[in-house]
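Participant: Mind looking over this structure? Questions follow.
The values are calculated or read from the model by the stated rules, or taken from the named source; none is laboratory data. Note that the structure is predicted; figures quoted are calculated from it, not measured. FYI the Cβ positions are ideal-geometry reconstructions off the backbone, even for glycines, and counts take in every protein chain you see. Just the protein is used for accessible areas: all its heavy atoms, side chains included, with ligands, DNA and RNA removed. Shrake-Rupley method; radii C 1.70, N 1.55, O 1.52, S 1.80 Å.
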Amino acid sequence: MQNTTFELFTTAHDALKARRRCTLCNIFQNSLSLRGLLVEKSCLLHETDGAVFLLVPYHGYYHDCLYLAADETALEEGITDLLARYSSPLAIRGSVIAKEPQAEKTAQVFLRQGFSLKKKLLRMLARKAPKKIQEALHTLVEGYLDCVSFAAPEEAEEILEILLENFDLVADNVPELPAIRENIVKQQVAVLRRDGKIASLNYFTCSNSHIHGLFDVTRKEYRKEGLFLAVQVFLEGYFSSLNRKIARGMGWRDIAATRLVKHSEKSNACFDGVVIYNMLWTTNAYPTEGDPHP
């Protein structure tokens, strides 16, 4: 195991692919994003005969374990060797992103090595609401629309605070402050302000005409007012004004939150079969229950 650069990682990655046919991978960043990640962060590289691992630190609490492996046997042997040589005090998060039943089979590899399941997320595809419903929503939230805009850079800290209050640091992949600032610059954080603070927000990414809804949250004291609907109407109006066609909208729901899953289905969204298993392995330096805030 060693500190790595983009060049070292890509050399190991390409060598494994040349040596073995690889069937398991959770590395979805393009080369430009991955290069930036390795420039910004002090990452670790671990290699075995059948697998390559890239450990990326987040929030000063855990390493995200990115992997490329020939098969489940190679992945399990690689994780066993990685944990035997691991000396960092940070926890390790293992994420499996795939369709079932393959996702569960791969997740079991991590669970057998002492990882604990933090959350299983379902990917939901959102269909566009009928025009009559869109018009009704616009009428319903018209009084709130003047309170909605894209977030300002100086609101990044408040946004992180809201995310940490409502989501799990590890299981929900809460972004770090620099990533939040970058997403604000891209106009991918819409906020509704009330009483001098952010009351509701939608944090998303957009690429190739696909919107990935990552966080949609309203402060507890405002949840009965339907403010999130105003944020949704604002964003629909924004993309419409740009004549930008959105081919697909995607979001994630915790499988254990049955009420929210059912609400998503009633709101014209459906599960497309893709799941994420987020799992955590901790050292003795960290508690086994709960996640600290950064």
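Participant: At a probe radius of 1.4 Å, what is the per-residue accessible area of Cys22, in Å² to the nearest 10?
Facilitator: Result for Cys22: roughly 40 Å² accessible.
Participant: Using a probe radius of 1.4 Å on heavy atoms only, what accessible surface per residue do you get for the chain? Whole Å² is fine. Provide the component values of the computation, followed by the final result.
Facilitator: On the way: 15430 Å² over 294 residues.
Here the per-residue accessible area is 52 Å².
Participant: Now, a different point. If I model a spin label at Leu145 and Thr10 as a point 7 Å from the Cα along the Cα→Cβ vector, what separation in nanometres do I get?
Facilitator: Those two pseudo-labels are separated by 4.7 nm.
Participant: Work out the length of the dipole vector of the chain about its Cα centre, built from +1 on the beta-carbon of each Lys and Arg and -1 on the beta-carbon of each Asp and Glu, and round it to the nearest 20 debye.
Facilitator: Details: 35 positive and 36 negative charges, 220 e Å.
With Lys and Arg at +1 and Asp and Glu at -1, about 1060 debye.
Participant: Determine which residues of the range 85-100 fall in the zone a paramagnetic label at Gln2 would reach in this model, i.e. backbone nitrogen under 19 Å from the point 7 Å along Cα→Cβ.
Facilitator: Answer for the range 85-100: 85-88.
Participant: Still on this structure, please answer the following. Can you give me the % of accessible surface on the chain that is carbon or sulfur? Probe 1.4 Å, all protein chains present, nothing else counted. Intermediate results must be reported in sequence, preceding the final value.
Facilitator: Numbers: 7870 of 15430 Å².
For the chain, the apolar C and S fraction of the accessible surface comes to 51 percent.
Participant: For an R0 of 51 angstrom, estimate the FRET efficiency from the Cβ-Cβ distance between Phe271 and Val39 and round to the nearest 0.05. All intermediate terms of the calculation are to be shown ahead of the outcome.
Facilitator: Values: r = 37 Å, r/R0 = 0.72.
After rounding to 0.05, the efficiency reads 0.90.
Participant: Related question: Given Lys197/Lys224; Lys119/Lys262; Lys41/Lys197, which pairs have Cα atoms separated by over 22 Å? Walk me through the intermediate numbers first.
Facilitator: Numbers: Lys197/Lys224 17 Å; Lys119/Lys262 18 Å; Lys41/Lys197 32 Å.
Distance filter (> 22 Å) returns Lys41/Lys197.
Participant: Also: Mind giving me the FRET efficiency for Lys99 and Lys220? R0 is 41 Å, r the Cβ-Cβ distance, nearest 0.05 is fine.
Facilitator: 0.75
Participant: 7 Å from Cα along Cα→Cβ at both Arg19 and Ala152: what's the point-to-point distance in nm?
Facilitator: In this crude spin-label approximation the distance works out to 5.4 nm.
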